[in-house]
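Here the structure comes first, spelled out in structure tokens, and everything after it is commentary.
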Amino acid sequence: MGQLFVFPKPSKGQLATCYVRKLAELNHYISANEMYGHHFNEAYDQDNISLKQLCDLTGHNSTVMQDVMLLISDQNEQNTFLYGHLHIPSYHLTKELFVCRSCLEEQSFMEGKWRIAWLPCCTKHHKALTPFNYSAEPIYEPDKQVIDTLLQIQPALERALDNDAFNKDLNIDNSIVAKVDKQLKRSLKPDKLESLNQRNKKYSRRYFPYKRSEAFLFMECLYDQIVA
Ligand SMILES: [Zn+2]
């Protein structure tokens, strides 16, 4: 146990797993798993990286870590992730890692919000995120027209996410996460809703309606609630 020798501050919005990989690499560990074994005497679980572990490893305090919005496991609430001060249920996150390859060419880190299933596009490069691992199970790819529609609303969702993530006094019922959640549940068929209520792992995107007609409806309803 003890702190690492090299521990840069994470980039704002960096994905926690990406930051842990970077820490391991900078401190000459073969893998994040080896680093965790050495420091915590436990196996590395990329779905359960806690704020406390990262503070222990780096000596940064939790406020510093929360301000950078790592999308990190919430120790106090099971199956919930922290994005800044915002609590996001795990079923809002994709199981597979999705990325914007154009962003990756410009910056050296992956973004936490790429895991959030209701932000399926890169608003900077105006395109859908793609699976990081191409051998991953094929997913439904929205077509161009759907992407264009999604891109009209996604900037508003991202702004709300960023505002809420920084708001320490946020009433959870008014958060963007609660609004999306309500809309998600409203748009699911009863059998899917049932399985969503029973599962607690990350879902991949299959619970989010990205089929063409459903996607329009889902995003239009969200648009009415959030933007209008
Ligand atoms: Zn991009």
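Measuring between alpha carbons in the structure, the pairs from Lys9/Lys127; Lys52/Lys127; Lys52/Lys144; Lys12/Lys192; Lys144/Lys185 lying more than 31 angstrom apart are Lys52/Lys127; Lys52/Lys144; Lys12/Lys192. Residues whose amide H comes within less than 5 Å of that of Gln14, counting only those at least five positions distant or on another chain, are Gly112 (H built at 1.01 Å from N in the peptide plane).
Considering every Cα-Cα pair within the range 1-76, what fraction, in whole percent, is farther apart than 22 Å?
10 percent
Highest mean packing first, where packing is the average number of other Cβ atoms within 10 Å per residue, the peptides 184-192, 148-156 line up as 148-156, 184-192.
Loop-located trypsin sites (Lys or Arg not before Pro) across the range 4-87 with a Cβ neighbour count of 16 or fewer within 10 Å are Lys12, with loop assigned by DSSP.
Only the coordinates and a few stated rules stand behind these numbers; no lab work does. No experiment lies behind these values; they were computed from the predicted model shown. Note that each Cβ is placed from the backbone with ideal geometry, even for glycine, and that neighbours are counted across all protein chains shown.
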